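First the structure, in the form of structure tokens, and then the observations on it.
The values are calculated or read from the model by the stated rules, or taken from the named source; none is laboratory data. Note that the structure is predicted; figures quoted are calculated from it, not measured. Positions of Cβ are backbone-derived with ideal geometry, glycine not excepted, and every protein chain shown enters the neighbour counts.
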Amino acid sequence: MRALISTYDTTGLEVFARGLAGLGVELVTTGGSTDAFLRELGLEPTVIDVPQMLGGRVKTLHPRIHAGILARRDNPEDIATLAEHEIEPFDIVCINLYPFEQVAAKQGVTEAEAVEMIDVGGPSMLRGAAKNFAHVTAVCRPERYGFVLDELREHGEISLETRRELAAEAFATTAVYEAAIANWFSERESFPDTLVLSLDKVLDLSYGENPHQRAAYYADRGARAHLLSRVEQLHGKALSFNNLNDLSAARAIGREFTLPACVIVKHANPCGVALGATIEEAYDKALASDPVSAYGGIVVLNRDVDAALGEKLAEQFVEVLFAPDYDDGAVEELRRRQGTRILVDHERRRPSAQQRGLKRVLGGVLVQDADAEIEDRDGWTVVAGTPDEQQWGDLVFAWRVCKHVLSNAIVIATDLATIGVGAGQMSRVDAVRIALDKAAEFGHDTSGAVLASDAFFPFPDGPELALDRGVRAIVQPGGSKRDDLVIAAVADAGATMVFTGRRHFRH
């Protein structure tokens, strides 16, 4: 057997190459760094005799290499051609590619430097080996070296099933590689004519939205940070589709705040969000917002959990608990709940603000800029009344939460905590009614509270409902044909209204 080896990344290559040589496999290189690496190990690979041109840019693009890869062993004409040109076939082709993504992502990299990392020969050889999987084993991932060696040692050959599996990996690798290059070029366009997605599987999930649906979590290839990057699970069952969907929603809300914050999410909507002087106070306030909906929810905290808070959390059934860290006493308390998945957040980076939003529809995908930014109050316009500083704080808080509630969205808040949330309603006035009823259900006093609406009020009826229940300040985007009627209703009630100038629908 003969193995052609040409790798940029030598991770695991020493063990793989020594293992192949120990099995009597002839190692072949095209010279260069791979050859030097193997010789430093005391191995003596065969260097295939091909001319090098253009400073090494043209080296592996040669019939002596590609004929040896593509020759069909059961085709007499192919075998005769190899014999005529004195070309020996390859049984194993071990290739990994220039690190284009890593280099292109570096700060300050020039276009010329990125382009030089576009591998031409490597993908060609890898695709050739994968195409000819009936006779050739294509190996492109160091994680597979041990698997290939084990099968060779046990059976003396690589099975057709394994070769087919490795061929699929090879084509996926070259497809993702080309996609990364295409996306790098297309970044000069806001929405290119062809959008290529590159995703890596991070985790198999226990099930999808329902138990009969299979599911997995994939992350954007090369993403600086993603939902589960640097996340450690200390306890609990495997994560499900719904767990991650809710966790994503909760983490997005939590990132809006730097003060100690607690976010409780159920079915992708916040049912309780609060800030506090301590993280325990924030949790108490968030839970009090809607303790019924919080049952079986996702809890995200932006401060460490101590034993006292761990004991409180253990009293409440939490599907997923997410925090920067936990002390030993907290973990001991929380592990009393077998169903709680305890996650530690080691990630300190933030996802790219340039990440596009994708939504699957029948036969396609809707693509939009991410709604990452939130307006600062300095750009808001007071259109009725005059907010005091406490109202300003609650208005900004409610607005930041409202952005993450499914539309039509209404958030009622006081003392930097939600006390009523109306989400996902077809009518905005119904969302107001639900938020007010939620507040009343759990004994929250709406006198002096603030209200945030993710889009404008088309009529005064929604604000009037809230004003009648004591709400004294409202924040909304404005922009309705009847803004003057809505403003007049608020002013007549002696209340305050602020326009942000931008809506935040979330569907």
Original post:
When residues of the range 466-479 are filtered for being surrounded by fewer than 18 Cβ atoms within 10 Å (Cβ to Cβ) and either modelled with pLDDT of 95 or more or of a type in the set (Lys, Arg) (or both), how many remain?
Top reply: 2
**OP:** Determine whether the range 383-395 contains at least one residue that is over 24 Å from Ala493 (Cα atoms), touching a Phe, Trp or Tyr at 6+ places or on another chain (Cβ under 8 Å) and assigned to a strand (DSSP E or B).
**Re:** no
Subject >> Matching option when the condition is closer than 22 Å to Leu203 by Cβ, aliphatic (A, V, I, L, M), touching a residue at least 60 places away in the same chain (Cβ under 8 Å) and not in a loop (DSSP other than H, G, I, E, B), among Leu239, Leu244, Leu234 >> reply: Leu234
**OP:** Just name the residue that is surrounded by the most Cβ atoms within 10 Å (Cβ to Cβ) out of those in the range 438-465 that are in contact with a strand residue (DSSP E or B) (Cβ under 9 Å, 6 or more places away or on another chain), part of a loop (DSSP other than H, G, I, E, B) and not small (Gly, Ala, Ser).
**Re:** Phe457
Original post:
When Ile419 is evaluated against the numbered criteria (1) more than 18 Å from Ala466 (Cα to Cα); (2) assigned to a strand (DSSP E or B); (3) more than 30 Å from the chain's Cα centre (by Cα); (4) of a type outside the set (Gly, Ala, Ser), which criterion, by number, is the only one it fails?
Top reply: (1)
Subject >> Some residue of the range 115-135 being within 32 Å of the chain's Cα centre (by Cα) and farther than 26 Å from Gly12 by Cα >> reply: yes
Original post:
What are the residues in the range 335-366 that are β-branched (Val, Ile, Thr) and exposed (fewer than 13 other Cβ atoms within 10 Å of the Cβ), if any?
Top reply: Val361, Val365
Subject >> Those residues of the range 424-450 which are touching a residue at least 40 places away in the same chain (Cβ under 8 Å) and touching a Pro at 6+ places or on another chain (Cβ under 8 Å), in sequence order >> reply: Phe442
Original post:
Residues of the range 406-432 being within 18 Å of Gly478 (Cα to Cα) and among the β-branched types (Val, Ile, Thr), which ones?
Top reply: Ile410, Val411, Ile412, Val429, Val432
Original post:
Looking only at the range 452-468, which residues are in contact with a helix residue (DSSP H, G or I) (Cβ under 6 Å, 6 or more places away or on another chain), of a type in the set (A, V, I, L, M, F, W, C) and within 12 Å of Leu485 (Cβ to Cβ)?
Top reply: Phe457
